[in-house]
Structure formats: structure tokens, C-alpha cells
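The values are calculated or read from the model by the stated rules, or taken from the named source; none is laboratory data. If you're wondering where the values come from, they're calculated on a predicted model, not measured in any experiment. When we count neighbours, we look across all protein chains shown, and the Cβ atoms used for this are built from the backbone with ideal geometry, even at glycine. Surface accessibility is based on the protein's heavy atoms, side chains included, excluding ligands, DNA and RNA. Shrake-Rupley method; radii C 1.70, N 1.55, O 1.52, S 1.80 Å.
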Amino acid sequence: MKTLQDHFLIAMPAMGDPNFNSTVTYLCQHSEEGALGIIINRPLDIQVGEVFRQLALDIVDQDQADRPVFGGGPVRPGMGFVLHQSDTSFETTLETVNTQIKVTISKDILGSMARGDGPEPTLVALGYAGWEAGQLESELAANAWLSAPADPAIVFATPFQDRWAASAALIGVDISMLTSYSGHA
């Protein structure tokens, strides 16, 4: 099985699931048992500072506090994920192949961010996208997704509203030229 871990899943325009319309998902884990990803282009109506306050963390770094929190996916929307590019050890960082994008799920990273000594850059998300064994492969075979190797510049430096098109451009696709319907000859 070819793994798509450390790839982007780019929703095709015909995606029928409103949870994933026009999304880019960073695939953190992908194996024969299933897959886990974080949507990187759906900001929520809350800032990181609200997460800090809910965890009773003193806010020193207002720039971090003012950043948006992203809706990482429809599964466990109360569970937090921090995508970052740090070599600092945190309590729970998922093992990934890509050494440029790390995913941490422990509170210690949020504490360091609130204090102003956390990693830069970061993306905070609540929830994740999950697929059971074989489910993602079936969706890929049905042309629901494009895939491209993940690019940290898209995760951390590209405006969220441009990430869908920028991710597709990595593989030479102009997503605006694709239609949401198909025909038969």
C-alpha cells in the first residue's frame, strides 16, 4: 500500500460532503488501518486566545492569541491539534515522515505558545478528519480527492482562502477550471 501520509488531500469541486467542500486536508497518518487528517483552510469564529483562556493559560503572546483556530474536521471537534515546524520535544507529537510539519496534541505546546516561547509558525485546529480502513482509498478511486505532497509554505504562509487553489497548483491543476458535474458520452 502506498501511503499518503504527509500529503494534502484536495477536495474535488464535485465533493458531495459539506464537511469537505473546497477543503485542503493535511494527512497526518495513513496506513492500512485508516487515515487521520487536519483541514487547514476552514477558520472558525474563534481565536487561539479563547483556547488559551479555556485552558486557564496566561496570555503573554498576543500575536499568537489573535490567530484564528481552524476547524480540523468533523470528528471530535473538541480535540485540539497544533501543526508546527519545531524540533522542540512536546509531550505528544504524532510521528510523521515529513520533518517539516509536526502535529502535537498535548497541552504543553499551547502553554509554550501562550507564554511566547512556543514554536513558530503554527496552525491550531479543533477536530480532525478520519477514515476507516479502505475508506480513503475508495474515495480516491471515486475521484473525490486530488492528492499532492504537503508543502509547509501552504500550511503556514499562504492565506487560508488561497490554500485550496495553491495545493492543486502543486500538481499542475487549476482548480477553478474543474466543474462540479460530469457528463457521459
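Taking square-rooted eigenvalues a ≥ b ≥ c of the alpha carbon gyration tensor, is the range 1-106 rounded, prolate or oblate, where a/c under 1.5 means rounded and, failing that, a/b exceeding b/c means prolate? Present the calculation step by step, with values, prior to reporting the outcome.
Details: a/c = 2.20, a/b = 1.33, b/c = 1.66.
Oblate.
Determine how many Å³ per residue the convex hull of the Cα atoms of the range 97-185 encloses. Mind dumping the intermediate values first?
Values: hull volume 13.7 nm³, N = 89.
Dividing the Cα hull volume of the range 97-185 by its residues yields 154 Å³.
Please give the charge dipole size of the chain, origin at the Cα centre, charges +1 on K and R Cβ atoms and -1 on D and E Cβ atoms. Round to the nearest 20 debye. Intermediate results must be reported in sequence, preceding the final value.
Working: 9 positive and 22 negative charges, 52 e Å.
It works out to roughly 240 debye.
Just 38, 101, 171 to compare: in a GNM of the chain, with alpha carbon springs under 10 Å, which one fluctuates most?
Looking only at 38, 101, 171, the largest GNM fluctuation is found for 171.
Averaged across orientations, what area in nm² does the convex hull of the alpha carbons in the range 1-61 project? Don't skip to the answer; put the middle values down first.
Values: hull surface 25.4 nm².
Averaged projected hull area, Cα only: 6.3 nm².
How large, in percent, is the carbon and sulfur part of the accessible surface of the range 7-109 at a probe radius of 1.4 Å? Please report the intermediate quantities before stating the final value.
Working: 2310 of 4970 Å².
The nonpolar share, carbon plus sulfur, comes to 47 percent.
Given just the C-alpha atoms of the range 40-79, how large is their convex hull per residue in cubic angstrom? Don't skip to the end; give the middle numbers.
On the way: hull volume 2.6 nm³, N = 40.
Dividing the Cα hull volume of the range 40-79 by its residues yields 65 Å³.
For residue 147, what accessible surface area do you get with a 1.4 Å probe? Give it in Å², rounded to 10.
Estimated to the nearest 10 Å², residue 147 gives 40 Å².
Using alpha carbons only, how many angstrom separate the centre of the range 1-27 from the centre of the range 100-133?
Here the answer is 20 Å between Cα centres.
Can you find, among 73, 49, 110, the residue sitting farthest towards the positive end of the charge dipole of the range 34-115, where Lys and Arg contribute +1 and Asp and Glu -1 at Cβ?
So the residue furthest toward the plus end is 73.
Run the simple label-point estimate for residue 173 and residue 92 please: 7 Å along Cα→C-beta, distance reported in nm.
According to this spin-label approximation, the distance is 3.3 nm.
From the Cα gyration tensor of the range 84-146, with a ≥ b ≥ c the square roots of its eigenvalues, which class applies: rounded if a/c is under 1.5, or else prolate if a/b is larger than b/c, or else oblate?
Working: a/c = 2.74, a/b = 2.53, b/c = 1.08.
Because a/c hits 1.5 or more and a/b exceeds b/c, the range 84-146 counts as prolate.
Only sites in a loop by DSSP and with at most 11 other Cβ atoms within 10 Å count here; which chymotrypsin sites (Phe, Trp or Tyr not before Pro) in the range 146-181 make the cut?
181
With every protein chain present, what is the per residue accessible area of the chain (1.4 Å probe, Å²)? List each step's numbers first, then the result.
On the way: 9320 Å² over 185 residues.
Spelled out: the 1.4 Å probe surface of the chain, per residue, equals 50 Å².
Find the Rg to Rh ratio for the chain, where Rh is the Kirkwood radius over alpha-carbon pairs and Rg uses the same atoms.
On the way: Rg = 16.6 Å, Rh = 16.9 Å.
Rounded to two decimals, Rg/Rh equals 0.98.
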